[in-house]
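Read-outs: derived from the displayed coordinates by stated rules, not from any lab. No experiment lies behind these values; they were computed from the predicted model shown. As a convention, Cβ positions derive from the backbone with ideal geometry for all residues, glycine included, and neighbour counts pool all protein chains shown.
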Amino acid sequence: MFTGIVKTIGSVSRVESRGGDLRLTIRSSGLDWPVYEIGESFCINGVCLTAVRLHPDGFDTDLSRETMTVTALAGIAAGDRVNVEPSLALGERLGGHLVSGHIDCVGTVVTTARDARSIRLDVEIPMDFRRYVARKGSICVDGVSLTINSVSANTVSLNIIPHTVNSTIIGGYEVGTKVNIEVDLLARYIERLLSKDDKDGVSMDLLREHGYAK
């Protein structure tokens, strides 16, 4: 699990093709790498990846065909900057929201504009995922926990404060940039609980009966 609070910005120093998938080398001076071990999870642009080899300043990880198919990492190249977050340890502060590192869809930046010292972003997401987003709800964009300002059609509007601009790769977004999207975990579980196919789950009638809905 992760929190969506990026710890450091890294860079891709190498992309190697291996039998149809890819091996990446991620390097960054922003983490104490000797404390980590092979097999640990890191969130790279929102994607949970496993360290298969450690370096004094980073690690190697494998991208499967599945990961390349369902995330924006398919087009990653040497020199690209990436958001990096190690996995959450029990007892740490949860500054963002619970993030699994399992990408739901790929979004596209359609608008980027200055708003005082912040940046306003509009990100288009596939229509199938619009039901999971709500005004003032949480969303994870390239591994960054963000609050949704508004929702219109299939677009979410986001406000990026100066600290986030400076400590993540979001400051480099342009119109057309592809981004990894993970919706709020709670939204997915609530949908499952309210599913008409789940006779033993939570229903609106049950919520009304116990005073949680009108």
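Taken as a whole, the structure leaves G4 outside the set of residues that are part of a loop (DSSP other than H, G, I, E, B) and surrounded by fewer than 20 Cβ atoms within 10 Å (Cβ to Cβ).
Residues in the stretch 122-143 that are touching a residue at least 40 places away in the same chain (Cβ under 8 Å) and assigned to a helix (DSSP H, G or I): F129, R131, Y132. Of the residues making up the stretch 91-118, those that are within 17 Å of K178 (Cα to Cα) and in contact with a helix residue (DSSP H, G or I) (Cβ under 8 Å, 6 or more places away or on another chain) are I103, D104, C105, V106.
Yes/no per residue for (1) over 20 Å from the mean Cα position of the chain (by Cα); (2) of a type in the set (V, I, T):
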position: K7; (1), (2): no, no
position: G19; (1), (2): yes, no
position: P34; (1), (2): yes, no
position: T50; (1), (2): no, yes
position: F59; (1), (2): no, no
position: L73; (1), (2): no, no
position: L88; (1), (2): no, no
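Summed over the stretch 14-45, residues that are touching a residue at least 12 places away in the same chain (Cβ under 8 Å) and outside any loop (DSSP other than H, G, I, E, B) total 16. Quick test of your reading of the structure: R114 fulfils all but one of (1) over 16 Å from C43 (Cα atoms); (2) in contact (Cβ under 8 Å) with a residue 40 or more places away in the chain; (3) not acidic (D, E). Name the failing condition by number. It fails just one condition, (2).
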